[in-house]
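Undergrad: The following block contains the structure, expressed as structure tokens.
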Amino acid sequence: MSRGERGRGVLLPAVGVLLGAAPGSADILDRLGCGHGRVDHLRYKPGLSVVARADGGSARWVAGFAPAAREKADKLRLKDAALGYGLREAPVPGAPGHVLMSGPLGLDNRLRGPLRAEGLLDHRGEPAGTVLNYNPWRRLVLGGPETGQGGRVSKTTAVPPGDLPALLAGLAGEGVPVLVPRPGRDARTLHYPRYGSEDLASAWERAAAGGNGTPGAARAGRILAALHASGARPGGVVEPWRPLLGVAAGVADVLPGAAGLARRTAVELLDATEPAGRGCAADVPLHGDFSADQLLVGPDGLRLIDLDRAARGPAGWDLGCFAATEILAGRHGGAEELLDAYLAARPASGRVDVGPWTGIHLMARALEPFRDAAPGWEDLVLARLRLARAALREGAGGRGTGGRLARAHAARALPELLEAGGDGLGGNGVEREVVSVRRSWPAPDGTLVFEAVDGAGRVRAGAWDGRGATLLPHAADPRLPGLSDEGTVLVHRRGKRAVVRRDTAGGTDFVKLLRPGRGPAVAETSRRLAAMALEAGLLAPRVLSAGGDAVRFSALPGKPVAEYAGAACSIASSSGWEAAWELWAGAWPALVATDADALPVHDAGREAQVLGGWAGQLLAHDPLGLTPAGRARVDARLAAVAGDLERLAADERPLVTAHRDLHDKQLLYDLGADRLGILDFDTAARADVELDLGNLLAHLELRRDQGVLSGSERDSAAARVLGVAAGLGADPRRLDAYTEAARLRLVCVYAFRPAWRGLAERWLARGRRTAAR
């Protein structure tokens, strides 16, 4: 059966179980002995089989076989019948003839022979030592017991290492710091002396946590230069097209919608590195897989390891491999420092255009999220393909080691396109459908609830636990009993809130659905604030009716003020933009001056608590995939603004009427009647006069960076806000503090919105600014 006949892009049912996407996956994997239901190191043969490592702390594999691969499954059964090592099996739900199997190292068909020959298996088929790395049916790295000579590390591979021991001995003779192995009784095993206690990548992670950069990068650069300048003659030759075409084919197998992008990226990368030595010294001895985790840190300095892929080729191959690994690890600076040291040690190497080589290695790793069964792997694969193209552009001007490239999306980031299954309400069964996620919120149970748009254009609510998603039926929510399909659902935050527009013969109204018992309080606050707004010259929705879990409001005329901005695409009337803000500036001081005694207090201390809660959710869920330096940046900014707010709370000042969630989308302007309306007084409170003004300023910056406003439109509106602030006697220091608090809160909020995750990253990196800017 050809690859095409097997059905490209249609994953084996067993793959769905290993990825945690099939119903009951966790229970099935648990029965197979796969630790906490996590697997990695997936290798997939379309239409035939999949094999992975069971992530349970021991050397255990798990594999899935289609009916076409039944012979392989039968061989495993026969072998276990003879050895009694405890093969486990489970049928794949809904897929007759498909089976999942799991077994210990002793049932690894490719490694069992050499391991038994070396005495590295015990009588149960378990490893006789500490497993340091296991790639099923390919490679095992085993740490032996400590001895007077310091112990050993044994590496067993499915394919004999050939002349690797002689190559390493020759490099050591030339002064390149490598570990020279002793061949085992079986040609597929080498025994290395144990050295150090960690690799350079681990050392850098520790250093980053303390803000200490990348110690040892220069030494690593000099070691690589010594390798490239040596007289070693590895047998193989680097062929960049092989991994790229392999990845392009793999993407077509598992993510066919990205197949075109993968093919184009591969062609562009290959074109950029032709001739093979473009911008780099050609035909030097290469490590082949050079990265920080291939350098051990020990008492006598660094030692270079894992030269299994040593070959000849352009120096850029190794340099690009190092840069790509650093980009994906989220570290910055180490690759630049390494390159500087490399060039200093090999000045004759001339100009180094590492960008295309970095792109090649980024693309070569594009399928790693799939192989690691990472949540949201589809988005991560796409992100790595885009990073590969970005490396091409960055390298066009010279060095291009990837220092400006953003890391791929965090593994825990909610994808924008999400396949979700129904959770059984309203007859929705377990059918799965693809939805487009608009926004999400952290939930108390550690999941994310999200709002999405389905294929029919309807707003839907769901929940995501990092591995899979469930989707509520349209216009249904067990915790919002009043929600129904009698109207158009505009907003639906699962279990908490929904807004429905109803168009009837009598006109349009809006129903806000709330948790039971919340309706009367929201209705009362909305009535009181609507009257205050009207007295100040602003329109506000009238409460038409209210119940325990729903409040019905009248419609307001007009459009959100941003739709009058020239950068928007709806009305594009700059006169409307200016007129709306003129009305706001005239009315806001009057609203602030109304009697707020009946409203709850929200002072600077409470604002600090809200901000701390959001920052805690950002760090706990980590949708941005923060590096240690990034987490430290969040902590530092939170500490600074929270400290400012706490100091403000100690300085008591009169509190005023505040909206508490004031931004441009809460303001509707009716161009024909020249009237301004305001929405959503649910969170109204007594607060510092600077609270709403700072929130407005931060949102104006946000809309500019989203492309909704031009710079001049943002500036003109901000000037109105600052003018009102001055007229109300706002303290500039307080205004700065509240604006910065709003900025950091927006970073946290928008980090959970897939389309704006990159904007949140940029805002986090940009640091603090003043409100008057």
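The values are calculated or read from the model by the stated rules, or taken from the named source; none is laboratory data. Quick caveat: nothing in here was measured; it's all calculated off a predicted structure. FYI the Cβ positions are ideal-geometry reconstructions off the backbone, even for glycines, and counts take in every protein chain you see.
Undergrad: Among the candidates Ala341, Ala324, Ala364, single out the residue that is closer than 14 Å to Gly221 by Cα and modelled with pLDDT of 90 or more. Please lay out each step first, then the result.
TA: Values: Ala324 fails: closer than 14 Å to Gly221 by Cα; Ala364 fails: closer than 14 Å to Gly221 by Cα.
None of the other options fit; the residue is Ala341.
Undergrad: Here is a follow-up. Could you check Asp692 against (1) surrounded by fewer than 19 Cβ atoms within 10 Å (Cβ to Cβ); (2) of a type in the set (D, E, K, R); (3) within 24 Å of Trp756 (Cα to Cα) and say which number it fails?
TA: (1)
Undergrad: Within the range 136-158, can one find any residue that is among the β-branched types (Val, Ile, Thr), surrounded by fewer than 17 Cβ atoms within 10 Å (Cβ to Cβ), farther than 26 Å from Gly301 by Cα and at pLDDT below 95?
TA: Taking the range 136-158 first, the residues among the β-branched types (Val, Ile, Thr) are 141, 147, 153, 156-157.
Adding the requirement that they be surrounded by fewer than 17 Cβ atoms within 10 Å (Cβ to Cβ) leaves 147.
Going one step further and asking which of them are farther than 26 Å from Gly301 by Cα, we end up with none.
The answer is no; no qualifying residue exists.
Here is a yes/no grid of residues against (1) touching a residue at least 24 places away in the same chain (Cβ under 8 Å); (2) farther than 26 Å from Val453 by Cβ; (3) not assigned by TED's automatic domain parsing to the domain that holds Glu701:
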position: Gly482; (1), (2), (3): yes, no, yes
position: Glu486; (1), (2), (3): no, no, yes
position: Thr504; (1), (2), (3): no, no, yes
position: Asp509; (1), (2), (3): yes, no, yes
position: Lys512; (1), (2), (3): yes, no, yes
position: Ala523; (1), (2), (3): yes, yes, yes
position: Leu529; (1), (2), (3): yes, yes, yes
position: Met532; (1), (2), (3): yes, yes, yes
position: Ala546; (1), (2), (3): yes, yes, yes
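Undergrad: Within the set of pairs 6+ apart or on separate chains, which have a first residue in the range 326-344 that is in the same structural domain as Glu368 (by TED's automatic domain parsing) and of a type in the set (Phe, Trp, Tyr), a second that is part of a helix (DSSP H, G or I) and buried (at least 19 other Cβ atoms within 10 Å of the Cβ), and C-beta atoms under 9 Å apart?
TA: Final answer for the pair search is Tyr342/Ala220; Tyr342/Gly221; Tyr342/Leu224; Tyr342/Ala225; Tyr342/His228; Tyr342/Leu319; Tyr342/Ser349.
Undergrad: Let me ask you something else. Restricting the search to the range 475-494, which residues are in contact with a strand residue (DSSP E or B) (Cβ under 7 Å, 6 or more places away or on another chain), surrounded by fewer than 17 Cβ atoms within 10 Å (Cβ to Cβ) and assigned to a loop (DSSP other than H, G, I, E, B)?
TA: Glu486
Undergrad: Take Arg264 and tell me if it is modelled with pLDDT of 95 or more, on the phi < 0 side of the Ramachandran plot and either part of a helix (DSSP H, G or I) or in contact with a Cys (Cβ under 8 Å, 6 or more places away or on another chain) (or both).
TA: So Arg264 fails the test.
Undergrad: So, one more: Can you tell me which residues in the range 514-549 are surrounded by fewer than 18 Cβ atoms within 10 Å (Cβ to Cβ), in a helix (DSSP H, G or I) and hydrophobic (A, V, I, L, M, F, W, C)?
TA: Ala521, Ala531, Leu534
Undergrad: Something else: Just one of the numbered conditions (1) within 28 Å of the chain's Cα centre (by Cα); (2) over 29 Å from Val141 (Cα atoms); (3) modelled with pLDDT under 90 is not true of Gly7; which one?
TA: (1)
Undergrad: Being under 11 Å from Ala461 (Cα atoms) and either modelled with pLDDT under 80 or not polar (S, T, N, Q) (or both) is the filter here; which residues of the range 419-440 pass it?
TA: Ala420, Gly422, Val435, Val437, Arg438, Arg439
Undergrad: Here is a follow-up. Pick from the range 599-641 the residues that are outside any helix (DSSP H, G or I) and in contact with a helix residue (DSSP H, G or I) (Cβ under 6 Å, 6 or more places away or on another chain): which of them is farthest from Ala413 (Cα to Cα)? Walk me through it before giving the result.
TA: Step one: filter the range 599-641 for residues outside any helix (DSSP H, G or I), giving 599-603, 622-627.
Cutting the leftovers down to in contact with a helix residue (DSSP H, G or I) (Cβ under 6 Å, 6 or more places away or on another chain) gives us 603, 623-624.
Working: Asp603: 33, Pro623: 4, Leu624: 7 Å.
Step by step, filter the range 599-641, then rank; the result is Asp603.
Undergrad: For the range 596-636, give me each residue that is exposed (fewer than 15 other Cβ atoms within 10 Å of the Cβ), more than 17 Å from Leu691 (Cβ to Cβ) and touching a residue at least 40 places away in the same chain (Cβ under 8 Å).
TA: Asp597, Ala598, Ala620
Undergrad: Also: Would you please list the contacts, defined by Cβ atoms under 7 Å and residues six or more apart or on different chains, that run from a residue in the range 740-765 that is over 18 Å from Leu448 (Cβ atoms) and without any contact (Cβ under 8 Å) to a residue 60 or more places away in the chain to a residue that is part of a helix (DSSP H, G or I) and of a type in the set (Asp, Glu)?
TA: Leu759/Asp705
Undergrad: Taking strands (runs of 3 or more DSSP E) that do not extend beyond the range 642-761, which have at least 1 residues that are of a type outside the set (A, V, I, L, M, F, W, C) and out of contact with any His (no Cβ under 9 Å at 6 or more places or on another chain)?
TA: By residue number, 656-658, 667-670, 675-678.
Undergrad: If you don't mind, there's one more thing I want to ask. Go through (1) touching a Gly at 6+ places or on another chain (Cβ under 8 Å); (2) under 23 Å from Arg331 (Cα atoms) and name the single condition Tyr195 misses.
TA: Condition (2) is where Tyr195 drops out.
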